[in-house]
Amino acid sequence: MNNNCCLRGSCTLFSVIASAIIGVITAFLTFSATITVTPAFLWVLLGIAVGYLAVTLATTAFLSCRCEGVCPGRVIGALIAGILGTILTSVILLGFTFAATSVIGAIITGLLLFFFSLTIGETACYALCLAQSDN
């Protein structure tokens with residue numbers, strides 16, 4: 001049995017740090033009106049997050065990282081947090097109208113991109129975990 005996937009805790013840490021940087025940059029660029037978020041973009045992210053949720057549930061039901069340690073729990077926990085955060089923030093941005101350069105709108109947009117990039121990063125971490133385990 002290969003236990004290398006249990007040593008991937010730094011993957012989650014790296015993913016959270018990179019996602020935080022992306023979220024802060026997005027919030028700043030939204031506040032300064034350099035970028036704008038359209039409803040079509042929000043619907044796409046919402047659809048991607050719902051698809052990720054379905055695939056994650058199916059994957060964890062049929063596959064598992066067979067190793068002792070914190071890898072599966074930490075990665076799946078962060079992945080689910082990213083998916084649910086993406087769904088929640090996109091629904092908030094779709095449901096409420098914010099001024100293009102409002103502080104609250106910029107913060108929520110930054111959170112949206114934080115959660116979405118966390119979802120992408122944790123998917124890569126989970127794929128590493130599954131690839132390095134014996135199934």
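The values are calculated or read from the model by the stated rules, or taken from the named source; none is laboratory data. From a predicted model like this one, the values you see are computed outputs, not experimental measurements. Positions of Cβ are backbone-derived with ideal geometry, glycine not excepted, and every protein chain shown enters the neighbour counts. Ligands, DNA and RNA are stripped out before the accessible areas are found, and what is left, the full protein with its side chains, is counted by its heavy atoms. Shrake-Rupley method; radii C 1.70, N 1.55, O 1.52, S 1.80 Å.
Can you name every residue in segment 75-105 that is part of a helix (DSSP H, G or I) and either crowded, with 23+ Cβ neighbours inside 10 Å or among the polar types (S, T, N, Q) (or both)? Before you say what the answer is, go through the steps one by one.
The initial filter retains those residues of segment 75-105 that are part of a helix (DSSP H, G or I), namely 75-95, 103-105.
Matches in segment 75-105: VAL75, LEU79, GLY82, ILE83, THR86, THR89, SER90.
Considering only segment 106-135, how many residues are open to solvent by 50 Å² or more (accessible area, probe 1.4 Å), at pLDDT below 85 and assigned to a helix (DSSP H, G or I)?
3
Output the number of the condition that VAL70 fails; it satisfies all remaining conditions of (1) modelled with pLDDT under 90; (2) buried (at least 21 other Cβ atoms within 10 Å of the Cβ).
The one condition VAL70 does not meet is (2).
Which one is nearest to GLY23 (Cα to Cα), of the residues in segment 80-101 that are touching a residue at least 60 places away in the same chain (Cβ under 8 Å) and of a type in the set (Gly, Ala, Ser)?
Result: GLY82.
Would you say VAL44 is open to solvent by 80 Å² or more (accessible area, probe 1.4 Å), in a helix (DSSP H, G or I), under 14 Å from ILE83 (Cα atoms) and modelled with pLDDT of 90 or more?
Yes; evaluated as a whole, the condition is true for this residue.
Count, please, the residues in segment 26-41 that happen to be part of a helix (DSSP H, G or I), touching a residue at least 60 places away in the same chain (Cβ under 8 Å) and open to solvent by 60 Å² or more (accessible area, probe 1.4 Å).
Counting residues in segment 26-41 that are part of a helix (DSSP H, G or I), touching a residue at least 60 places away in the same chain (Cβ under 8 Å) and open to solvent by 60 Å² or more (accessible area, probe 1.4 Å) gives 2.
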